[in-house]
Amino acid sequence: MELTTIDYVKFPMGCTFDQDLPLVHACKSGDAAAFEELVKRYDVRLFSIAQHITHNREDAEDAVQEAFLKAFRKLTQFQENSQFSTWLTRIAVNESLMKLRKRRSIREVSMDEDLQSGEPISSFEFADWAPNPEELYRGFELRNILRSELQELRPGLRVVFVLRDIEGLSNDETAEVLELTRVAVKARLWRARLQLRERLSKYFGVEMSRSSQVE
């Protein structure tokens, strides 16, 4: 299925915390219009995340719709000890992975899979290649190439790359959304970037080296 071009809208998770809570409180009090405002605030961003994970527009639309529906039904379970956007994004990611699992008949797609490495995180290195994958993604003419190669990553790696390098979340924000440790996020991000660079090198004839670290 050929996907249409997406306009990527980055909505930093931390910047809307104070603005979200009054709407959340209103929703808990039965104000449906307040929830509609939250939908307008996050639907574009969640669709971007869902489409990158599922690589399918229809599945992405369904995942976002189901995520909002689940959030509305379970809003009383939101304890406000984290940002609403974090909680909502986590639901959308889970719904997207469920769509991916169903379509690919994957028995289990887990965000908590162990990705242990014999090397300490501090020594994780990858190619010093300009432009790098995250920079390429900002280039309109090369987005389709990277989008295609992104689908070849294991879901656990793909989700981290999407949240961290496409949506612009920090390591800590990504860890909170996925309920992982910061170390696990850095490990997955390193693996995702390295695998993408190896895959993209066939388009540009670049030899891979090891000279940069994940921030």
Among the residues of the stretch 76-85, the number that are more than 18 Å from the chain's Cα centre (by Cα) and part of a helix (DSSP H, G or I) is 2
Between residues in the stretch 168-186 that are outside the structural domain of residue 52 (by TED's automatic domain parsing) and surrounded by fewer than 14 Cβ atoms within 10 Å (Cβ to Cβ) and residues that are of a type in the set (Asp, Glu) and modelled with pLDDT under 95, which pairs lie under 9 Å by C-beta distance while being six or more apart or on different chains?
-> 179/112
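Suppose we filter the stretch 17-75 for residues that are outside any helix (DSSP H, G or I) and closer than 30 Å to residue 148 by Cα; how many remain? It would help to see each step written out before you state the result.
Within the stretch 17-75, the first condition is being outside any helix (DSSP H, G or I), and the residues that meet it are 29-31, 55-56, 74.
Cutting the leftovers down to closer than 30 Å to residue 148 by Cα gives us 55-56.
Within the stretch 17-75, residues that are outside any helix (DSSP H, G or I) and closer than 30 Å to residue 148 by Cα number 2.
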Single residue of 88, 100 found to be modelled with pLDDT under 90, outside any loop (DSSP other than H, G, I, E, B) and surrounded by 21 or more Cβ atoms within 10 Å (Cβ to Cβ) = 100
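The values are calculated or read from the model by the stated rules, or taken from the named source; none is laboratory data. If you're wondering where the values come from, they're calculated on a predicted model, not measured in any experiment. Note that each Cβ is placed from the backbone with ideal geometry, even for glycine, and that neighbours are counted across all protein chains shown.
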